[in-house]
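Take a look at the structure below.
The values are calculated or read from the model by the stated rules, or taken from the named source; none is laboratory data. Since this is a predicted model, take the numbers as computed values, not measurements. So basically every Cβ, Gly included, is an ideal-geometry build from the backbone, and we count neighbours across all protein chains shown. Surface accessibility is based on the protein's heavy atoms, side chains included, excluding ligands, DNA and RNA. Shrake-Rupley method; radii C 1.70, N 1.55, O 1.52, S 1.80 Å.
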Amino acid sequence: MTGKHAFMEGFKSLLPKFLRSDYSPYQCNVSANRENYNLRARRIHLQNQIKTWVNTGQNPFIKPVECKECLFDTRIPNIYIGSDGVCNMCMTYKKNFKIEILNSELETFLNTPREAGSNIDAVVGFSGGKDSAVSLYLARERLGLNVVAVLVQNGFIPDQVVDNGRKLCDKLGVELVVLNIDLAPYVKDMMDNNFKNGYPCYKCGDMFHKEIQQYCIENRINRIIFGRNWWHWIEPQVRSVRWVKHEASGQQLQMLSLPFALQLTEKAVYKMLDDIGWSTVKIHGNSTNCVLPGLVEYSVYKRLGYHPELNLLSREVITGFLDKEEAKHQLSDIRDNTDALQKLVNKKLEESQSK
């Protein structure tokens, strides 16, 4: 070891640990959209900004430093940029991704036998949007699975979307089951707190998963297909499947992100849907099935300074589902629909109280 190298190694050992080591965004254990942005979250965010400054020589306190490959930048609390200009999410994905793992997971999923007494291979979590629609088509027509489509109506999915989805199910010969959840009270609470205590789409996602899992347990179905375009886990290995054990019954559930497992792109998704003669309903916002993202985007954008769906679209860019410029374009049209949001939520609350 040369004297200069020894000096540099000794100097590095004096630096704080967060400057000496690489880590994934998930290890930060803070929200990307600054829900519950407490003192600890602020400290982690500050550390990541300092780390970016040291790594790149660019001052993130003057201007956000953006990853050269995806949309993540230093406004996001759990993101830092490395010396190569790439964020820690991209870094973690590249380090842990192996296509062989996704292929093996898909093979295991397809070869898993049905639960005793069931004639259904899998539930497709069907939102009525493009990604779940192509997943339904692929599961039924390409993979040859006997599936049931389960749509969880949160109160903000237009009837036109449900009817459009029913047409696809009829065309494929698949039963459509509609379950209902009451999301409006949670949206109202978040609105009253300026969305500092949560983001409606995250809460909806939690409720959506619980409803579908419960349906599977009640109907002895052990596999679920989602139209998700990114990973279930990113470390220690990138995974397209999440396993869940139902405590009361002991039944194991496999949840597969089918478009991600097959490494589809958005262009491929739209082409497949065009080929079968099916199109989505036009909705403002980063959704092809629910009006909520387009209604809340402005309020959350005002608080954060960036689009609330930047986190989701960055993941889709990282996996190759979207290219970076298309993702930026999809987030560029932000409209102030605050009044429409207030009226719709109040209407949903009145409908709920009258039942």
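Provide the packing ranking of 36-43, 164-171, i.e. peptides ordered by the mean count of other C-beta atoms within 10 Å per residue, highest first.
Numbers: 36-43: 12.2, 164-171: 17.8.
Highest-to-lowest ranking by the protection proxy: 164-171, 36-43.
Could you tell me the number of lysine pairs in the stretch 12-101 with C-alpha atoms less than 19 Å from each other, where the two lysines are 8 or more residues apart or belong to different chains? Display every interim value, and only then the final one.
On the way: LYS12/LYS51; LYS17/LYS51; LYS51/LYS63; LYS51/LYS68; LYS68/LYS94; LYS68/LYS95.
Step by step, the pairs that qualify in the stretch 12-101 add up to 6.
Could you tell me the relative contact order of the stretch 152-243? Use alpha-carbon pairs under 8 Å, at least six residues apart, and round to a whole percent. Intermediate values should be presented prior to the final figure.
On the way: 51 pairs, mean separation 19.6, N = 92.
In percent, rounded to a whole number, it is 21.
Connecting C-alpha atoms closer than 10 Å in a GNM of the chain, tell me which of LEU102, LEU295, LEU145 has the biggest fluctuation.
Checking each option, the largest mean-square fluctuation is seen for LEU145.
Find which of LEU331, GLN27, ASN55 sits farthest along the positive direction of the dipole of the chain, computed with +1 on the beta-carbon of Lys and Arg, -1 on that of Asp and Glu, about the Cα centre.
Sorting the options by dipole projection puts first ASN55.
Sequence gap at least 6, Cα distance under 8 Å: using those rules, report the relative contact order of the chain to the nearest whole percent. Kindly include the intermediate steps, with their values, before the conclusion.
Working: 557 pairs, mean separation 61.1, N = 355.
Worked out over the chain, it gives 17 percent.
With the contact rule set at Cα under 8 Å and sequence spacing of 6 or more, what percent relative contact order holds for the stretch 140-181?
Working: 38 pairs, mean separation 24.4, N = 42.
It rounds to 58 percent for the stretch 140-181.
Suppose all protein chains stay in the model; what accessible area per residue would a 1.4 Å probe give for the stretch 31-142, in Å²? Show your work: numbers first, answer last.
Numbers: 5020 Å² over 112 residues.
Accessible area per residue: 45 Å².
Modelling each spin label as a point 7 Å along the Cα-to-Cβ direction, I'd like the ILE276/ILE99 distance in nm, to one decimal.
Here the answer is 2.4 nm between the modelled labels.
What 222 nm value per residue comes from the helices of the chain, counting each DSSP H run with n ≥ 4 as -39,500 (n - 2.57) and dividing by all residues, nearest 500 deg cm²/dmol? Please list the in-between numbers first.
Values: 16 runs with 170 residues, N = 355.
The helix-only estimate for the chain comes to -14500 deg cm²/dmol at 222 nm.
What accessible area, in Å² to the nearest ten, does a 1.4 Å probe give for THR265?
For THR265, the solvent-accessible surface is approximately 50 Å².
So if I place +1 on the C-beta of Lys and Arg and -1 on the C-beta of Asp and Glu, and nothing else carries charge, what would the dipole magnitude of the chain be about its Cα centre? I want it in debye, nearest 20.
On the way: 45 positive and 40 negative charges, 230 e Å.
The calculation lands at about 1100 debye.
Which of the following values of Cα extents along the principal axes in Å was calculated from the structure shown: (i) 73, 49, 43; (ii) 73, 39, 33; (iii) 59, 52, 44?
(i)
Number of Lys-Lys pairs in the stretch 155-296 under 24 Å by Cα, sequence gap 8 or more or different chains?
15
Compute the length gained on full extension between HIS246 and LEU19: take 0.36 nm times their separation in residues and subtract their Cα-Cα distance, giving the result in nm to one decimal.
Values: separation 227, 0.36 × 227 = 81.72 nm, distance 4.07 nm.
Answer, rounded to one decimal: 77.6 nm.
Answer rounded, prolate or oblate for the stretch 92-146, using the Cα gyration tensor with square roots of eigenvalues a ≥ b ≥ c: rounded when a/c is under 1.5, else prolate when a/b is larger than b/c, else oblate.
Judged from the Cα gyration tensor, the stretch 92-146 comes out oblate (a/c at least 1.5, b/c at or above a/b).
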